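Asker: Once you've had a glance at the structure underneath, I'll fire off some questions.
The values are calculated or read from the model by the stated rules, or taken from the named source; none is laboratory data. All figures in this text were calculated on a predicted structure; none of them were measured in a lab. Positions of Cβ are generated from backbone atoms using ideal geometry, with glycine treated the same way; all protein chains shown enter the neighbour counts.
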Amino acid sequence: MNLLDPQGPVAAGNSTILVDSVFIMLVIVVPTIFAILGFAFWFRASNPRARYRPGFVYSGRIEMVVWAIPALTVILLGGVAWIGSHQLDPAAPVPGTGSPVRIQAVSLDWKWLFIYPDQRIATVNTLTVPAGAELKFQLTSSSVMNTFFIPQLGSMIYTMNGMVTKLNLRADNEGKLQGLSAHFSGDGFPDMMFDVNVVSPLAFPEWVATAAKTDAVLNENSYRKLMQQGIEKDRPVYRLEDPRLFELIATQHIPPGPGPERISDAGRPHSGGHDAR
Amino acid sequence: MPAVRTVEATMLGKLDWSAIPLDQPIPLIAGAVVLVAILGVLTWVVVKGHLSYLWNEWITSVDHKRIGVMYVLLASVMLLRGGSDAIMMRIQQAVAYQSQGYLPPEHYNQIFSAHGTIMIFFVAMPFVIGLMNLIVPLQLGVRDVAFPTLNSVGFWLTASGALLVNISLVVGEFARTGWLAFPPLSELSYSPGVGVDYYAWSLQISGIGTLVAGINLVTTVLKLRTKGMNYLRMPMFCWTTLASNLLIVAAFPILTATLAMLLLDRYLGFHFFTNEAGGNVMMFMNLIWAWGHPEVYILVLPAFGIFSEVVSTFSGKALFGYRSMVLATMAICVISFMVWLHHFFTMGAGPNVNAIFGIASMIIAVPTGVKIYNWLFTMYGGRIRFATPMLWAVGFMVTFIIGGLTGVLLAVPPADFILHNSMFLVAHFHNVIIGGVLFGAFAGFEYWFPKAFGFRLNERWGRAAFWFTFLGFFITFMPLYIVGMLGMTRRMQHYDVAAWRPWMIVAAVGVAVLTIGVICQIVQLVVSIRNREALRDRTGDPWDGRSLEWATSSPPPVFNFAFNPDVRGEDAYWHMKARAKQQSPERDGPEYQDIEMPRNSPTGFVCAFFATIMGFALIWHIWWMVIVGGLGAWATFVVFAWRDHDEYVIPAEEVAVIDRVNLEQRRGLISMAEVG
Amino acid sequence: MSITATAGHAHTDPHQIGVLIEHPGPAPKRIVTAYGFWIFLLSDIVMFSCFFAAHAVLAGQTAGGPRGSEIFEPSYVAIETVCLLLSSFTCGMASIAADVRNRLWFHVSMAITCALGLVFLVLEFREFADLIARGYGPSRSAFLTSFFSLVGCHGLHVSAGLLWLLTMMAQVFAKGFRADILRRMTCFALFWHALDIVWVAVFSVVYLLGSAP
């Protein structure tokens, strides 16, 4: 999950900007740290060779330099930020080979549901994608906020109930990656990690065909069961009955997830999540 | 049977025996220990007959110095509580690799929420407010703050909030939502317990206290300055106090309003931030950070002020580029209100919005950088004495620059897209809050301790404390930067990624080193108290200081100054010393006058007592008790408003007796300086 | 020690530019109190502005419930506004009465202020009760949530103001025009006028803009 080992163009862009910015700043930060330690050491009271200059309390030239150095750095970095924000905007297209894959991600308590509306399948906690193709994500949440994040593919984005956020990514190399939720969402939060299988563009249709043979069906009823609080250790695969399921969730036609069962009104520390697990 | 239950529900609301976590040994034992400690101290106080002293001299005191000391004491006690939370979290993350560790999620989640809440609201805030309270009136050369009784109310309300947070340890639970309680997780449907209510009510109560302190200090700085103390002659700490308290006045009402909205959602079924009926979660994000970002500057600006004082005093030089520093301070004050959106770049706002807020956030780094350079040039050509406060200051400069670097990095939106909410972020804000605020608080503590208590702190233990804390900080938080780069997100109760494990163990070792630092600090205090006669500061000016707080005795008399000092330039006391030396024996036998001082008042304590009752009752839905608390608080103020004498007079003879001692010592100091 | 070394610099203030007006010293108590209260009022207005902001965000979120134009009754609100504006005038009269130490006129003006404030509160309460009875309570939609909170927050301030007003009257009755009581009276007048200003904003933003079909 190393951020400096990007597996796609977005992550590569993110980490390049990260590294560049650090170096731009190090150029002034390192000399400043040395100056602090150097001045502090040289002007120690016990050093007879250091000249005591109590009247040196103002210098127009130094003031100008002192304001200019951070200002220039910020101007430079501001340019980086401006260009970077536009190029790496999560909603900006990321052209790839082959046809783009649409994926609708829903954060549930506490698992990820990935709907492939065009392939009419859905998976939980595993995301299988073809290498090289543009991945067009639409994201929402069944209940509380979460953040969808695959560190090695780059940019994360919030998921919120009743709202749809957009994110475009691309995976360049086949292999296994990991994704997670980067916004705390309750007791099962650390178990919201998911696998990302990047397969070859040829293997992807095969995987879709295999997956579509499953008996499990995802419709409104099974979705309502799935959105109950709990952790999913298996990696179930569903056939998607209604390709508009995501819209039903995002527009709150299916009401938000219920949260913990309310056993009593008492403020018991774990009347909720723990028992539901 | 139903009838009985109704009576119980009326009398006790949601409260019943299941609220006591009998199955959870850690909070129960911790609570028991704290309770025994409190009872022990109380018993000792009563048995030794100190109760009336405690009541008359401290609890009801409206003296800004006493209140400042109590603020710092509160902060120190809560630092131990928040620190224990930190230790538990670091141990959990060190052991919870492919296992549940020793803390179940519902407990771990409470701990990190409590840790953040306590460290910001009940450690950092009271620490800096305490130091400002203690020192600012002295530096301005006046006898008290603008509203002494209100000052006491503010302190006790803060203490009331802290008490409620600690009660949640044993009665019910604390929030499990993180320190900002983001909805919808903090809404009733996803957090049905009382945790979020404890969180919100304790912050509402202490928030009022903070607002009162803010109004008080702004008015003090703007309206109560001694003769000749023009704005551009004020010590830097007064300027940063002004900036910080202006921020309090402008920002804390936002917190109050936001938490009020959350509470309305939870208590009365409103729809501000709910998923249903058109509520808007993003509005909470905007509102809470519109308070939250200024908040970090509320904390760090006073620390900047402390470092300005410390660096200039121990370098034996006036502050370099004083006007530039004033400008930088006020620039930070203003810009800090225009950058809140950088806390949620990843919410899907457009590229223009992200870029503008990113650049605005970077712009704050300019005045901050200027400050660093001005401290640097203050040291240049100085004659630096490395007493403990100066060690903290140099340690701060080095640490804070690194925190600043990572901060600017996080302000670059594309970098934030992969670092947001990660352990890298956790490392960053600890880097600036520990390296900035806490180091500043410790520097101020060491620097002004002799002023407050009349004796210095042991230097050897102070140095040990510094080095352990400094190294402990780096050992703890550098690994967190690294795991952040390895994709680890914050608030994970357990994890399965092997690459993170070793770094979490290093961080746990680091927190052990930090703990040694804190222990050294405690030992330093104990050792110094035992050797206080040897460490006694008779001159009132132990560091060869420059500003007016050193012009009076240590500890200062209740009226601070027998005469309001006449200020003729920056570094007022430095010039006084120089003048005194040139035109030796000043007017002997000055004509002392009667001094009127505000009378003590239990208003603050009683009011906070009722506020605590009210808060507790609101949390547990005990409505009759809410009414009792509200009426009690109102009655307290009416009683206060009804009193006929709000001042007492210290006769001129008594002033003379007190002040002559001080003058003698001071002459001794000046003549010693001549010989030296 | 280092003092000797700096003797030469004792009187040179390196940042001193031009002639400068010396700060005269601490301000009198009357000024300090009113100044502090002004700052409190500013912070209170910041709090109100949060509720205004929330209203601006949520005003369109009716969730199938009524819109503003369907539930507001302009005549009702007009009477409320007149009451509050008049009460501000009578509060001003009370301040003048306090300044000239006229107890009778002070009590009369304060009593009228109180009565007008009460009328305002009763009208507001009836509006709320009526809406809730029709099923348009604050839980109905985010729009109603923000409406009830903003108007209710102002109403709570008025209630607190009335409590303060009565306490002030009792104090003047019992203690007369003492210096500290006069200072409190100044603060109360500031508070009451500020509530008026906030109401003008509520009236324009919530009712006038909200009544647009």
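Asker: Conditions first: (1) in contact (Cβ under 8 Å) with a residue 40 or more places away in the chain; (2) assigned to a loop (DSSP other than H, G, I, E, B). Residue B:596 passes all but one, so which condition is the exception?
Answerer: Every listed condition holds for residue B:596 apart from (2).
Asker: Residue B:176 - would you say it is closer than 23 Å to residue B:449 by Cα and not small (Gly, Ala, Ser)?
Answerer: Spelling it out, it is not the case that residue B:176 is closer than 23 Å to residue B:449 by Cα and not small (Gly, Ala, Ser).
Asker: Would you confirm whether any residue within segment A:196-217 is within 23 Å of residue B:346 (Cβ to Cβ), out of contact with any helix residue (DSSP H, G or I) (no Cβ under 7 Å at 6 or more places or on another chain) and not β-branched (Val, Ile, Thr)?
Answerer: At the first step, the residues of segment A:196-217 found to be within 23 Å of residue B:346 (Cβ to Cβ) are A:196, A:198.
Narrowing the set further to residues that are out of contact with any helix residue (DSSP H, G or I) (no Cβ under 7 Å at 6 or more places or on another chain) leaves A:196, A:198.
Next, from what is left, pick out any that are not β-branched (Val, Ile, Thr): none.
Looking through segment A:196-217, none of the residues is within 23 Å of residue B:346 (Cβ to Cβ), out of contact with any helix residue (DSSP H, G or I) (no Cβ under 7 Å at 6 or more places or on another chain) and not β-branched (Val, Ile, Thr).
Asker: Take segment B:644-665 and flag every residue that is touching a residue at least 12 places away in the same chain (Cβ under 8 Å) and not hydrophobic (A, V, I, L, M, F, W, C).
Answerer: Selection gives B:645, B:646, B:647, B:648, B:651, B:653, B:659, B:662, B:665.
This table checks each residue for (1) among the hydroxyl-bearing types (Ser, Thr, Tyr); (2) closer than 29 Å to residue A:99 by Cα.
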position	(1), (2)
A:165	yes, yes
A:169	no, yes
A:175	no, yes
A:180	no, yes
A:185	yes, no
A:190	no, no
A:194	no, yes
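Asker: Say we look at segment B:471-484 and pick out the residues that are among the aliphatic types (A, V, I, L, M) and over 15 Å from residue A:178 (Cβ atoms); which of these is farthest from the other protein chains (Cβ to nearest Cβ)?
Answerer: Step by step, filter segment B:471-484, then rank; the result is B:475.
Asker: Something else about it: Residues that are among the aliphatic types (A, V, I, L, M), closer than 24 Å to residue C:208 by Cβ, surrounded by fewer than 15 Cβ atoms within 10 Å (Cβ to Cβ) and out of contact with any strand residue (DSSP E or B) (no Cβ under 6 Å at 6 or more places or on another chain): does segment C:60-78 have at least one?
Answerer: Yes, there is a match, as at least one residue in segment C:60-78 is among the aliphatic types (A, V, I, L, M), closer than 24 Å to residue C:208 by Cβ, surrounded by fewer than 15 Cβ atoms within 10 Å (Cβ to Cβ) and out of contact with any strand residue (DSSP E or B) (no Cβ under 6 Å at 6 or more places or on another chain).
Asker: Kindly indicate the residue of segment B:184-199 that is over 15 Å from residue B:273 (Cα atoms) and either surrounded by fewer than 24 Cβ atoms within 10 Å (Cβ to Cβ) or touching a residue at least 60 places away in the same chain (Cβ under 8 Å) (or both) and also farthest from the other protein chains (Cβ to nearest Cβ) among those meeting that condition.
Answerer: Among those residues, the one meeting the criterion is B:199.
Asker: Of all the residues that make up segment B:165-183, how many are under 22 Å from the mean Cα position of the chain (by Cα) and either among the aromatic types (Phe, Trp, Tyr) or more than 9 Å from chain A (Cβ to nearest Cβ) (or both)?
Answerer: The total comes to 10.
Asker: Next question, about the same structure. So residue B:266 passes all but one of these: (1) basic (Lys, Arg); (2) at pLDDT below 90; (3) over 30 Å from residue B:449 (Cα atoms). Which condition number does it fail?
Answerer: The one condition residue B:266 does not meet is (2).
Asker: Just checking, how many residues over segment A:203-221 are in a loop (DSSP other than H, G, I, E, B) and either within 12 Å of chain B (Cβ to nearest Cβ) or closer than 30 Å to residue B:497 by Cα (or both)?
Answerer: Qualifying residue count for the region: 0.
Asker: Picking from B:32, B:19, B:37, B:96, which residue would you name as being within 14 Å of chain A (Cβ to nearest Cβ) and more than 23 Å from residue B:512 (Cα to Cα)?
Answerer: B:19
Asker: Another one. Pick from A:34, A:23, A:39: which is within 7 Å of chain B (Cβ to nearest Cβ) and aromatic (Phe, Trp, Tyr)?
Answerer: Numbers: A:34 fails: within 7 Å of chain B (Cβ to nearest Cβ); A:23 fails: within 7 Å of chain B (Cβ to nearest Cβ).
Going through A:34, A:23, A:39 in turn, just one is within 7 Å of chain B (Cβ to nearest Cβ) and aromatic (Phe, Trp, Tyr): A:39.
Asker: Scan segment B:531-543 for residues that are within 27 Å of the chain's Cα centre (by Cα) and surrounded by fewer than 19 Cβ atoms within 10 Å (Cβ to Cβ) and jot them down.
Answerer: Selection gives B:532 alone.
Asker: Check B:356, B:372, B:384 and return the single one that is more than 8 Å from chain A (Cβ to nearest Cβ) and over 30 Å from residue B:493 (Cβ atoms).
Answerer: B:356
Asker: List pairs: first in segment C:196-213 and over 20 Å from residue C:41 (Cα atoms), second surrounded by fewer than 17 Cβ atoms within 10 Å (Cβ to Cβ), Cβ under 6 Å, 6+ apart or cross-chain?
Answerer: C:211/C:69; C:213/C:69
Asker: Looking only at segment A:165-192, how many residues end up being assigned to a loop (DSSP other than H, G, I, E, B), more than 7 Å from every other protein chain (Cβ to nearest Cβ) and within 23 Å of residue A:14 (Cα to Cα)?
Answerer: Looking only at that region, the number is 4.
Asker: Would you pick out the residues in segment B:225-243 that are buried (at least 24 other Cβ atoms within 10 Å of the Cβ), of a type in the set (A, V, I, L, M) and out of contact with any Cys (no Cβ under 7 Å at 6 or more places or on another chain)?
Answerer: Those that are buried (at least 24 other Cβ atoms within 10 Å of the Cβ), of a type in the set (A, V, I, L, M) and out of contact with any Cys (no Cβ under 7 Å at 6 or more places or on another chain): B:229, B:234, B:236, B:242.
Asker: Let me ask you something else. Looking at residue B:249 and the list (1) out of contact with any helix residue (DSSP H, G or I) (no Cβ under 7 Å at 6 or more places or on another chain); (2) of a type in the set (Val, Ile, Thr); (3) at the interface with chain C (Cβ under 7 Å from one of its Cβ atoms), which single condition is not satisfied?
Answerer: With respect to (1) out of contact with any helix residue (DSSP H, G or I) (no Cβ under 7 Å at 6 or more places or on another chain); (2) of a type in the set (Val, Ile, Thr); (3) at the interface with chain C (Cβ under 7 Å from one of its Cβ atoms), residue B:249 is out only on (1).
Asker: Here's something else I'd like to know. Which count do you get for residues in segment B:294-338 that are within 25 Å of residue C:46 (Cα to Cα), of a type outside the set (D, E, K, R) and buried (at least 22 other Cβ atoms within 10 Å of the Cβ)?
Answerer: 12
Asker: Follow-up. Taking the conditions exactly as written (over 16 Å from residue A:28 (Cβ atoms), at the interface with chain A (Cβ under 10 Å from one of its Cβ atoms), buried (at least 23 other Cβ atoms within 10 Å of the Cβ) and not charged (D, E, K, R)), does residue B:379 satisfy them or not?
Answerer: For residue B:379, the condition - over 16 Å from residue A:28 (Cβ atoms), at the interface with chain A (Cβ under 10 Å from one of its Cβ atoms), buried (at least 23 other Cβ atoms within 10 Å of the Cβ) and not charged (D, E, K, R) - is met.
Asker: Turning to a different aspect of this structure: Across segment B:495-512, which residue is farthest from the other protein chains (Cβ to nearest Cβ) among those that are surrounded by 19 or more Cβ atoms within 10 Å (Cβ to Cβ) and farther than 23 Å from residue B:400 by Cα?
Answerer: This residue is B:500.
Asker: When residues of segment B:398-420 are filtered for being at the interface with chain A (Cβ under 7 Å from one of its Cβ atoms), surrounded by fewer than 24 Cβ atoms within 10 Å (Cβ to Cβ) and touching a residue at least 24 places away in the same chain (Cβ under 8 Å), how many remain?
Answerer: Qualifying residue count for the region: 1.
Asker: Can you tell me how many residues in segment B:48-65 are under 25 Å from residue B:217 (Cβ atoms) and either of a type in the set (Asp, Glu) or not in a helix (DSSP H, G or I) (or both)?
Answerer: Keep residues of segment B:48-65 that are under 25 Å from residue B:217 (Cβ atoms), which gives B:57-65.
Narrowing further to those that are either of a type in the set (Asp, Glu) or not in a helix (DSSP H, G or I) (or both): B:57, B:60-63.
Count: 5.
Asker: Give the residues of segment A:176-206 that are over 30 Å from residue B:105 (Cβ atoms) and either without any contact (Cβ under 8 Å) to a residue 60 or more places away in the chain or within 19 Å of the chain's Cα centre (by Cα) (or both), sorted by residue number.
Answerer: Keep residues of segment A:176-206 that are over 30 Å from residue B:105 (Cβ atoms), which gives A:198-206.
Selection gives A:198, A:202, A:205, A:206.
Asker: Looking at A:113, A:88, A:108, which is the one that is under 22 Å from the mean Cα position of the chain (by Cα), closer than 24 Å to residue A:9 by Cβ and surrounded by 20 or more Cβ atoms within 10 Å (Cβ to Cβ)?
Answerer: A:88
Asker: A further question on this structure: Would you be able to say whether some residue in segment A:52-61 is within 7 Å of another protein chain (Cβ to nearest Cβ) and either of a type in the set (A, V, I, L, M, F, W, C) or in contact (Cβ under 8 Å) with a residue 40 or more places away in the chain (or both)? So that I can check it myself, show each step before the final result.
Answerer: Restricting attention to segment A:52-61, the residues satisfying the condition of being within 7 Å of another protein chain (Cβ to nearest Cβ) are A:52-58.
Narrowing further to those that are either of a type in the set (A, V, I, L, M, F, W, C) or in contact (Cβ under 8 Å) with a residue 40 or more places away in the chain (or both): A:56-57.
Taking every residue of segment A:52-61 in turn, at least one turns out to be within 7 Å of another protein chain (Cβ to nearest Cβ) and either of a type in the set (A, V, I, L, M, F, W, C) or in contact (Cβ under 8 Å) with a residue 40 or more places away in the chain (or both).
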